[in-house]
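Report on the structure given below.
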Amino acid sequence: MIEYATMTTYALRDRPNTLRAWPLWPFNLFLAILFLGPIISPLFRASGLPLVSDSGVLAHDLLSRYICPTPERSYFLLGLPMAVCARCWGATIGLWAARLLPVDANNQGLSALVAHFLALPWLLRLTICALPFLLWPLEIIGVAQGWWFPPLWLVLLNGVQAGFAAGLFFCSVWPGLWSRQA
């Protein structure tokens, strides 16, 4: 009995203190679906093929009803609206920009900013990255009240900046994402 307890203590004491990196393919696949899904929906609907067109209609209905707060503010492809508004699609562009952010081992330029960001506690990182999303309700309420009607490029930029902030947070908590590059 004593030998077993000693062996267990020895095994726990010598355990490596590094986090195992998660595979990147689920993260990249999720980002690819977020980026391509809203584009593919109008293309599928425009095809006119029975099952393909129906899947495009289903994707548009689900995304515009349950995900996107303002589907009427979307870009048009082949005369059909994308499945989400310009803001939501801009958020996926911002997520990709954060994912593709160059991080090198020298910690110079952007890498130094990322290193400072990673040094913050995760709750503070979450709070900082949530702040750009406060512009979304302001914009949505302003349009609904008739105070302003921003052009689609501005709505897209609003989504990009918030998506970039969210991407910074997600990349910072995905084990091994930036440490592989740094």
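Derivation of every value follows stated rules applied to the coordinates shown; laboratory data play no part. All values reported here derive from a predicted model rather than from experimental measurement. Note that each Cβ is placed from the backbone with ideal geometry, even for glycine, and that neighbours are counted across all protein chains shown.
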*Among 166, 162, 112, 91, which is the only one that is surrounded by fewer than 21 Cβ atoms within 10 Å (Cβ to Cβ), closer than 28 Å to residue 29 by Cβ and of a type in the set (Gly, Ala, Ser)?*
166
_Enumeration of residues in the range 67-101 that are in a helix (DSSP H, G or I) and over 21 Å from residue 142 (Cα atoms)_ = 92, 93, 94, 95, 96, 97, 98, 99
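Answer with yes or no whether residue 115 is in contact (Cβ under 8 Å) with a residue 40 or more places away in the chain, assigned to a helix (DSSP H, G or I) and over 28 Å from residue 141 (Cα atoms). Please lay out each step first, then the result.
Values: in contact (Cβ under 8 Å) with a residue 40 or more places away in the chain: yes; assigned to a helix (DSSP H, G or I): yes; over 28 Å from residue 141 (Cα atoms): yes.
Criteria met by residue 115.
Each row is one residue, and each column tells you yes or no for (1) at positive phi; (2) without any contact (Cβ under 8 Å) to a residue 24 or more places away in the chain; (3) in a helix (DSSP H, G or I); (4) out of contact with any helix residue (DSSP H, G or I) (no Cβ under 6 Å at 6 or more places or on another chain).
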position	(1), (2), (3), (4)
103	no, no, no, no
111	no, no, yes, yes
125	no, no, yes, no
132	no, no, yes, no
137	no, yes, yes, yes
155	no, no, yes, no
158	no, no, yes, no
163	no, no, yes, no
167	no, no, yes, no
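Which residue out of 80, 101, 34, 63 is touching a Lys or Arg at 6+ places or on another chain (Cβ under 6 Å), of a type outside the set (Gly, Ala, Ser) and surrounded by 14 or more Cβ atoms within 10 Å (Cβ to Cβ)?
Numbers: 101 fails: touching a Lys or Arg at 6+ places or on another chain (Cβ under 6 Å); 34 fails: touching a Lys or Arg at 6+ places or on another chain (Cβ under 6 Å); 63 fails: touching a Lys or Arg at 6+ places or on another chain (Cβ under 6 Å).
Result: 80 is the single residue among 80, 101, 34, 63 that is touching a Lys or Arg at 6+ places or on another chain (Cβ under 6 Å), of a type outside the set (Gly, Ala, Ser) and surrounded by 14 or more Cβ atoms within 10 Å (Cβ to Cβ).
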